[in-house]
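Below is one structure, written out as structure tokens; comments come after it.
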Amino acid sequence: MNLIFATNNPHKLREIREIAGKEIQILSLDEVNPEAGIPETGETLEENARQKARFVYEQTGRDCFADDTGLEIEALNGRPGVYSARYAGERCTFDDNIEKVLGELAGMENRKACFRCVACLILDGREYLFKGRIDGHIAFQRQGNNGFGYDPVFIPEGYPQTFAAMPAHLKNGISHRGIAFSKMFRALKHREHN
């Protein structure tokens with residue numbers, strides 16, 4: 001089975017291929033080359049995941065999936081949320097986003113946060129949603145060199161280190177994306193065997 005992953009993020013692509021394992025081949029957007037950029041104008045993670053998956057399905061007519069992920073910080077009233085990837089501005093880097101978050105949390109004791117992921121799968125023209133969430137808190141400073149995005153400052157509940165300080169297999173087993181996509185791949189494998 002092969003599926004198109006509606007992302008231009010090479011870090012996400014590598015992570016999802018690791019979670020999928022060998023049975024499911026994940027194709028990148030570069031391999032199918034849809035026209036124009038993927039829209040991402042929704043106001044919720046669900047809307048964005050659906051919008052991206054539908055766009056690629058309409059362009060290619062092939063089974064595909066997309067996700068949207070947000071970091072929600074309690075003391076910032078749930079921000080950056082749906083704007084996590086571009087929190088510090090349209091052309092910002094991962095570092096810019098981290099700096100903005102750490103700056104806004106300066107002097108605050110409440111560092112509670114969660115990561116949420118919504119994956120939308122379109123299979124034979126039908127849509128399915130899979131969700132994942134992990135609670136934790138924002139570190140006072142960066143830790144670790146693995147991962148991407150906010151990984152250097154997010155410490156999942158029950159662990160002493162950030163996502164960026166963990167080996168990939170551990171992060172992928174407990175992360176918001178790992179949870180959502182494990183559900184999706186389990187459902188696909190179950191379907192294949194029935």
Only one residue in Glu18, Glu74, Glu46, Glu40 is within 16 Å of the chain's Cα centre (by Cα) and within 18 Å of Arg133 (Cα to Cα). Which one? Glu46
If you go through segment 121-140 one residue at a time, do you hit one that is within 20 Å of Ile174 (Cα to Cα), touching a helix residue (DSSP H, G or I) at 6+ places or on another chain (Cβ under 8 Å) and in a helix (DSSP H, G or I)? no
Which of the residues that make up segment 49-91 are without any contact (Cβ under 8 Å) to a residue 24 or more places away in the chain and either among the polar types (S, T, N, Q) or part of a helix (DSSP H, G or I) (or both)? Gln51, Glu58, Asn77, Arg86
Do we find that Gly173 is modelled with pLDDT under 95, in contact with a Phe, Trp or Tyr (Cβ under 9 Å, 6 or more places away or on another chain) and either in a strand (DSSP E or B) or of a type outside the set (Lys, Arg) (or both) in this structure? no
Report, ordered by the first and then the second residue, all pairs with beta carbons closer than 9 Å, sequence separation of six or more or different chains, a first member in segment 100-127 that is in contact (Cβ under 8 Å) with a residue 40 or more places away in the chain, and a second member that is polar (S, T, N, Q) and part of a loop (DSSP other than H, G, I, E, B). Leu102/Gln141; Phe115/Ser175; Cys117/Ser175; Val118/Thr44
Hits in segment 1-31 (condition: surrounded by 15 or more Cβ atoms within 10 Å (Cβ to Cβ), closer than 16 Å to Ile122 by Cβ and either in contact with a helix residue (DSSP H, G or I) (Cβ under 8 Å, 6 or more places away or on another chain) or in contact (Cβ under 8 Å) with a residue 40 or more places away in the chain (or both)): Leu3, Ile4, Phe5, Ala6, Thr7, Ile16, Ile24, Ile26, Leu29
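The values are calculated or read from the model by the stated rules, or taken from the named source; none is laboratory data. Nothing here was measured: the structure is a model prediction, and the numbers come from that model. Using ideal geometry, Cβ is built from the backbone for each residue, glycine included, and neighbour counts are taken over all protein chains shown.
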